[in-house]
Amino acid sequence: YIQLVTGAANRLINGHDNIRWIVQSISRIAAERQIPVVLLSTLPRSVEFRLNKRPCLEDMYYGIYARDVDQVIFLYREKIYRDDTQDDSAEIIIAKSKSGINQTVQVWFNEKHRRFEK
């Protein structure tokens, strides 16, 4: 979870620069060791005040670290934002991919087992 990683805070001016430094450092380590690394992050609260609540790259601190990673994947569930629905559908949104294929995959969220299913 990226907001819990520390290391550069003493050398850099603000939180955005700190997060970018962390992402770049972890990306370098992953490339050197040829291993995949998954970083998780929450989105800013501003998403909740929009009509369309689907996340996008611009939500990631204005893209400052979206450019430093190979893939950006968002999870979206309409049910989280609407009390009047029983819809368990969800979307896996591939917003950035090193392969260049961006897409949205429709899945179902299995509440009982806490997992996404096709």
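The values are calculated or read from the model by the stated rules, or taken from the named source; none is laboratory data. Just so it is clear, the structure is predicted and the values come from calculations on it, not from any experiment. To get the accessible areas, we keep the full protein, side chains included, count just its heavy atoms, and leave off ligands, DNA and RNA. Shrake-Rupley method; radii C 1.70, N 1.55, O 1.52, S 1.80 Å.
Below is a table of values for the structure above.
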{"read-out": "Additional length obtainable on full extension of the chain from K112 to S25, 0.36 nm per residue less Cα span", "value": "27.6 nm"}
{"read-out": "Solvent accessible area, Å² - D88, 1.4 Å probe, full protein context", "value": "50"}
{"read-out": "Added length on full extension, which subtracts the Cα-Cα distance from 0.36 nm per residue, V47 to I2", "value": "14.3 nm"}
{"read-out": "Extension reserve of the D83-C56 stretch, reckoned as 0.36 nm per residue once the Cα distance is removed", "value": "7.5 nm"}
{"read-out": "Set of lysines with alpha-carbon distance to K96 below 27 Å, sequence-local pairs under 8 removed", "value": "K53, K79, K118"}
